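Structure, as structure tokens:
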Amino acid sequence: MIHRLPQDAPWEVDYGYTKAVVAGPWVLVSGHVSLEQEDSVGQARAAFRDVLATAKRVGAQPSDVVRVRIFYTETDDADAISRAFKEVFGGDHPPAATMVRVASLMLPQLKIEIDLDAYLDNTR
């Protein structure tokens, strides 16, 4: 069975996607960005907060996250973004992660976009 979060943000409605899909035990969370912060680290922390909040809406906890993808535009910010990642996922069971430097994101002021996949283990 597939469950999709209701479209509750303007971008979701305008562009025809949802923030999260649950397909069996898998949770697939769309990319999250932050317009609240100007710097990359602030955007990363806000995006991590928001992407995890979306995952929690469908029952996933940080320990359920198995893969994180981080898209970023500023080469010099990679170490700081990695430290922000470690603040969130640096426990005993870190997820797989990929960081991809891109030329730009959807809006010029965006420096970070983060998505994730989680696995809901029904045996817990």
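The values are calculated or read from the model by the stated rules, or taken from the named source; none is laboratory data. Since this is a predicted model, take the numbers as computed values, not measurements. Neighbour counts are summed over all protein chains in view; Cβ atoms, including those assigned to glycine, are modelled from backbone coordinates with ideal geometry.
Could you tell me whether LEU28 is in contact with an Asp or Glu (Cβ under 7 Å, 6 or more places away or on another chain), of a type outside the set (Phe, Trp, Tyr) and assigned to a strand (DSSP E or B)?
In short, yes.
For VAL100, state whether it is surrounded by fewer than 18 Cβ atoms within 10 Å (Cβ to Cβ), at pLDDT 95 or above and farther than 21 Å from ARG4 by Cβ.
Against the criterion (surrounded by fewer than 18 Cβ atoms within 10 Å (Cβ to Cβ), at pLDDT 95 or above and farther than 21 Å from ARG4 by Cβ), VAL100 qualifies.
Would you check which residues across the range 35-56 are surrounded by fewer than 19 Cβ atoms within 10 Å (Cβ to Cβ) and either of a type outside the set (Lys, Arg) or modelled with pLDDT under 95 (or both) and list them?
LEU35, GLU36, GLN37, GLU38, ASP39, VAL41, GLY42, ASP50, ALA53
Taking the criterion of being of a type in the set (Phe, Trp, Tyr) and within 20 Å of VAL100 (Cβ to Cβ), would at least one residue in the range 26-38 satisfy it?
No, the conditions are met nowhere in the range 26-38.
SER63 - would you say it is in a helix (DSSP H, G or I) and touching a Gly at 6+ places or on another chain (Cβ under 8 Å)?
So SER63 fits the description; yes.
Mind listing just one residue for me: the one in the range 1-34 that is over 17 Å from GLN61 (Cα atoms) and of a type in the set (A, V, I, L, M) and, of those, surrounded by the most Cβ atoms within 10 Å (Cβ to Cβ)?
VAL33
Looking for whichever is of a type in the set (Asp, Glu), closer than 24 Å to PRO6 by Cα and at pLDDT below 95 here; the options are ASP115, ASP64, ASP121. Which one fits?
Going through ASP115, ASP64, ASP121 in turn, the sole match is ASP121.
Within the range 72-96, can you find the residues that are surrounded by 19 or more Cβ atoms within 10 Å (Cβ to Cβ) and outside any helix (DSSP H, G or I)?
TYR72, the sole residue that qualifies.
Only residues that are of a type outside the set (Asp, Glu) and either closer than 19 Å to PHE85 by Cβ or in contact with a helix residue (DSSP H, G or I) (Cβ under 9 Å, 6 or more places away or on another chain) (or both): list them for the range 110-123, please.
Looking only at the range 110-123, we keep the residues that are of a type outside the set (Asp, Glu), and these are 110-112, 114, 116, 118-120, 122-123.
Passing the criteria: LEU110, LYS111, ILE112, ILE114, LEU116, ALA118, TYR119, LEU120.
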